[in-house]
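The values are calculated or read from the model by the stated rules, or taken from the named source; none is laboratory data. For clarity, every value in this text was computed on a predicted model and none was experimentally measured. Cβ atoms come from the backbone with ideal geometry, glycine included; neighbour counts cover every protein chain shown. These area figures cover heavy atoms from the full protein model, side chains too; ligands, DNA and RNA do not enter into them. Shrake-Rupley method; radii C 1.70, N 1.55, O 1.52, S 1.80 Å.
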Amino acid sequence: MSHHIVEVRNLQHVYADGTAALKDVSFIITHGESVGIIGANGAGKSTLLQHLNGSLEPTGGSIHIGHTPLSKGTLPDIRRTVGMVFQDPDDQLFMPTVFDDVAFGPLNLGFAPADVEERVTEVLELVGAGHLRDKPPYHLSGGEKKRVAIATVLSMSPDILVMDEPTNGLDPFARRQLMKLLCDFKHTRIFTSHDLDMVLELCGRVIVLHEGEVRADGPALEIFGNDKLLAECRLEKPLSMQNCSACGSKKSNVKSPDSSACQGR
Amino acid sequence: MASIHSAVLDLKRLDLLANGNSPIHRLDARAKVVVTLVFILCVVSYNRYELSALFPFFIFPAIMISQAGLPPLFILRKIALLCPFVLAVGIFNPVIDRGILLQLGPLGISGGWISFASILARSMLTVGAGFILVAVTGFTAVCQALERLGMPRVFAVQLLFLYRYIFVLTEESGRASRARELRSCGKKGQGIHSFGSLVGHLLLRTWQRAERIHMAMLARGFTGVFHASRPSRFGAPEIRFVLFWSTLFIVLRLQNVSQLLGSLITGLFP
Amino acid sequence: MHMADALLSPVVGGGMWAVSAGTIAYCSSKVHKEMDDSKIPLMGVLGAFIFAAQMVNFSIPVTGSSGHLGGGLILSVLLGPYAAFLTIASVLMVQALFFADGGLLALGCNIFNLGFFPAFIAYPLLYKRIIGSHPTAARISAASIIAAIVGLQLGSFAVVLETTFSGISSLSFPTFVALMQPIHLAIGIVEGLVTAMVITFVYKARPEILQSTLDGRVVERHSVRNVALAFLAATVVTGGVVSWFASKNPDGLEWAIKQVTGQEELKEPDQGLYAVLKGLQQKTAFLPDYTFKNPADSKKETALPETSRQPNTGDLVISPGHRPSVNPIHSAGTSLAGLVGGTLTLGLACLTGFLLKRRNQTK
């Protein structure tokens, strides 16, 4: 239970070339929450995500995953807890076949081959990719790659799912499929995205990053209702909250909290 | 090279062929690797003027193609694109070696032409055997077979990485070079200067990708050890396959079947 | 300049396979011991990069032709010699399997020619010496060009040696050298220039990439010398074993023997399938000695003793030195038999394949 909490305190990161990507970031994400981290290009979203499983070391501040501080010693445990889905699935799918890729994590965790087999089958079915099992990753479509990439992470049964731009480059159908899948998860979920409609549908809470700092943190509808804040952070309202330019109908606030396809609790 | 682009398409096609489900596809890769090596060794062990004894060896590609359900024309087309170096070197044989070796009525055929034809036949057989091996086995399985036959693991693993990322990187560089082509007029802009920075950029992006991949590996608990998960079986079908073909190749190598058959025919019907 | 199966004898091909396999094993253990695990994906991805980079070409002024990046030197600069050798070997392996560049037997030669010289000679002995500890753009250019030229010259010379020793090509050694070396001088200059440009680019953008191979896991001089010595030893041993084997086992290695000892004739086997078929043939054939009977020649033919009437097993096994003494009519008939039989077996092979395919489809 306590494993699912993410606590970031005064996180700072300065790259080797002197760029301060994160100046002061703090937030707490509790069990089962679905949080969208949004912000303009260069706001520090990806840098922040890379800290959450220790791919980058903080210059200052600290990160706790379920009350365990992130450090060299706790890294293996934390990497098991925090499942990270990369933006480009080609970076994540490096093994010869889908099966090998999904089995990579569990094998590294030291599971017995029979258990691995079972787990891989289960996870692939879950993401609707059972039929892709023996295919090499380069013969998959973009949507299939994304779902398999998620499976590779799920097979390690993480408590927290972190995803960088999950809907990036997907066609509308694949995007819809993926969103349905994500909304069924019971994990604590953290997304970064420029797809604000997706954020609105999947996330109850939104954190706005601007120039390496948390500019706003609150319920999605509240944040997306604040035009001034969005403009200052080089963002805009999700399309579903904007007036329809084609037919002129006013769709003010069509998305009431319970009409969303999915509401992060 | 545009030809490399089409070669990559061919590579994808060959790779897809390996997904077939024929009895030959199902054999353990080691059996196929061993048989292919025996085949190649037998073919190249003939002396330079041997031609007729090479023909019976075509039975191997013919049977493999038909039994594995490979598209014969595709394989033939791939084989027909003979290595240019072979042609360039081989074509000197008829020029240099002019001694008449075979008299067909009024037509004298020099040793050079015969050895050139022999080189072509060897080339078709050896290259064809390689393609067929990949088409019925798949690159990954060939690598794993070689690893079980003693290839070092480090080498095998990075070979798999290489194969995986050929598909990603050739697309990337294809896009980059198309972009350059579209903005250059004729030969201008295609020179060595733009090449240097284009390839330099590609290299840096590749490097970053390698870093991300390593990150993705660490994120999934990689500790420097690759776990082999694939069960392998070298059972009766594999043993039969290896024994049958190896014996046939060795018999063909020791007995010139063409010669015997031809002698029977020309002997019977003079 | 990929070496090809069709030009190789099994002795040379097998020997070079052994040498390259040994080096791969040595480099693998080196990489495994000395490098961190991030190097393995890096090697693979950089190997794929070499493919990708070869898709991009550039026009060479004046000549109107185009060139592309060669792999060996740039990989050595980026990865250091051991990892580079492995990466080159894997690039060549993919080329051999998918692009018919060379072939499986020739792989050993190709890995040696295109991997060993850049990684273990040109890079440590030339490139690194010229660069020194403080690289500059000018030094990088000079070092790349010189190292690329030398590496390629050695590589193409090795191709010449391998081809000559294999004896399938009729090109004489001096002619072949005279053809290959100048061509590869030109290629080497271009390749060196391009390599220099790419390395300079990387050096300006991310110097730490190059620095890490320069100071960290540098090849100590001993180590290079050890590799070179190991090679020498391997070559001598292979050569010795091979020639011993060749003299013991003439049948599989006719050519090598002919070349080494000047011995010509091959004895036909007197037992087994051949004998059976020979018996059968003698019973059925109107013309027992396989040849078209030339009326003018028939008397002489029949007068010949049995052994000499039977031609060689390999119908065309006639060495160049022996040629003048060959009776053209005699050999014509034999060869005709070979050709007819060859065409027939080829037809049979294809037919078998076709029939099997039909059967599979109807099943």
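Peptide packing: for B:208-215, A:232-239, C:109-116, the average count of neighbouring Cβ atoms within 10 Å per residue gives the ranking C:109-116, B:208-215, A:232-239, highest mean first.
Total Å² of accessible surface buried at the B-A contact, 1.4 Å probe, nearest 100? The partial results should precede the final answer.
Numbers: alone 17080 and 12420 Å², together 26940 Å².
Summing both chains' loss of accessible area gives about 2600 Å².
Sequence-distant contacts, meaning Cα pairs under 8 Å at least 6 residues apart, place the relative contact order of chain A at 24 percent.
Going through the cross-link list A:Lys146/A:Lys228; A:Lys72/C:Lys204; A:Lys23/C:Lys39; A:Lys145/A:Lys180; A:Lys72/C:Lys39; B:Lys12/B:Lys78, which pairs have a Cα-Cα distance over 23 Å in this structure? Flagged as over cut-off: A:Lys146/A:Lys228; A:Lys72/C:Lys204; A:Lys23/C:Lys39.
Ranked by accessible surface with a 1.4 Å probe, highest first, in what order do B:Ser66, A:Ser46 come? Please report the intermediate quantities before stating the final value.
Working: B:Ser66 5, A:Ser46 50 Å².
Putting B:Ser66, A:Ser46 in descending order of accessible area: A:Ser46, B:Ser66.
For A:Glu57 and B:Leu204, a Förster radius of 22 Å and the Cβ-Cβ distance give a FRET efficiency of 0.45, rounded to the nearest 0.05. Net charge of the neighbourhood of A:Cys233, taken over other residues with C-beta under 14 Å away and scored Lys/Arg +1, Asp/Glu -1, is -1. Here the gap between B:Thr247 and B:Asn21, fully extended at 0.36 nm per residue and compared with their Cα-Cα distance, gives a gain of 78.8 nm.
Using the average count of surrounding beta-carbon atoms within 10 Å as a protection proxy, the listed peptides B:104-112, A:25-33, C:90-98, B:198-206 rank, highest first, as C:90-98, B:198-206, A:25-33, B:104-112.
Give me the percent of the accessible area of segment B:9-151 that comes from carbon and sulfur atoms, probe 1.4 Å, all protein chains in place. Kindly include the intermediate steps, with their values, before the conclusion.
Numbers: 3300 of 4710 Å².
Exposed carbon and sulfur together represent 70 percent of the surface.
Computed over segment B:87-224, the quotient of the alpha carbon radius of gyration and 2.2 N^0.38 Å is 1.69. Computed with a 1.4 Å probe over protein heavy atoms only, the accessible area of C:Ile145 comes to about 40 Å².
Within 10 Å of each Cβ of B:147-158, how many other protein chain Cβ atoms are there on average? The shielding value for this peptide is 6.
Test of understanding: what is the full-extension gain from B:Glu211 to B:Leu81, defined as 0.36 nm times their sequence separation minus their Cα-Cα distance?
Contour length minus Cα-Cα distance gives 43.1 nm.
With contacts defined as alpha carbon pairs under 8 Å and 6 or more residues apart, what's the relative contact order of segment C:22-127 in percent? Numbers along the way, then the final one.
On the way: 101 pairs, mean separation 28.7, N = 106.
Dividing the mean separation by the residue count of segment C:22-127 yields 27 percent.
Stretching B:Ile192 away from B:Ala88 to a fully extended chain increases their span by 34.7 nm, per 0.36 nm per residue minus the current alpha-carbon distance. Taking Rh as the Kirkwood radius, which is the inverse of the mean 1/r over Cα pairs, what is the Rg/Rh value for segment B:9-151? Computed over Cα atoms, the ratio is 1.05. On the basis of the beta-carbon distance and an R0 of 41 Å, B:Ile265 and B:Ser232 show a calculated FRET efficiency of 0.35.
Label positions at A:Asn10 and A:Lys228, each projected 7 Å from the Cα along the C-beta direction, are separated by 3.0 nm.
The packing ranking, built from the mean of other Cβ atoms within 10 Å per residue, places the peptides B:235-247, A:51-63, A:193-205 in the order A:193-205, A:51-63, B:235-247, highest first.
The fraction of Cα-Cα pairs per 5 angstrom bin, counted from 0 for chain A, comes to 1, 6, 13, 16, 18, 17, 13, 9, 5, 2, 1, 0, 0 percent, rounded to whole percents. Computed from the Cα positions only, the extents of segment B:152-221 along the three principal axes stand at 49, 24, 17 Å, in decreasing order. As a length-normalised measure over Cα pairs under 8 Å and 6 or more apart, the relative contact order of segment B:81-201 settles at 13 percent. In this rough spin-label picture, where each label sits 7 Å from Cα along the Cβ direction, the C:Gln181-C:Leu351 distance is 5.4 nm. With the simple spin-label model, which puts each label point 7 Å out from Cα in the Cβ direction, the C:His134 to B:Leu254 separation comes to 7.2 nm.
Using a Förster distance of 41 angstrom, determine the FRET efficiency expected from the C-beta separation of A:Asn41 and A:Glu118, and round it to 0.05. After rounding to 0.05, the efficiency reads 0.45.
Of the residues A:Thr188, C:Thr164, ranked by 1.4 Å probe accessible area with the largest first, the sequence reads C:Thr164, A:Thr188. The residues of chain B expose on average 39 square angstrom of accessible surface per residue, using a 1.4 Å probe on protein heavy atoms.
For the interface of chains B and C, what total accessible area is buried with a 1.4 Å probe, rounded to the nearest 100 Å²?
Working: alone 17080 and 20620 Å², together 27000 Å².
Rounded to the nearest hundred, the buried surface is 10700 Å².
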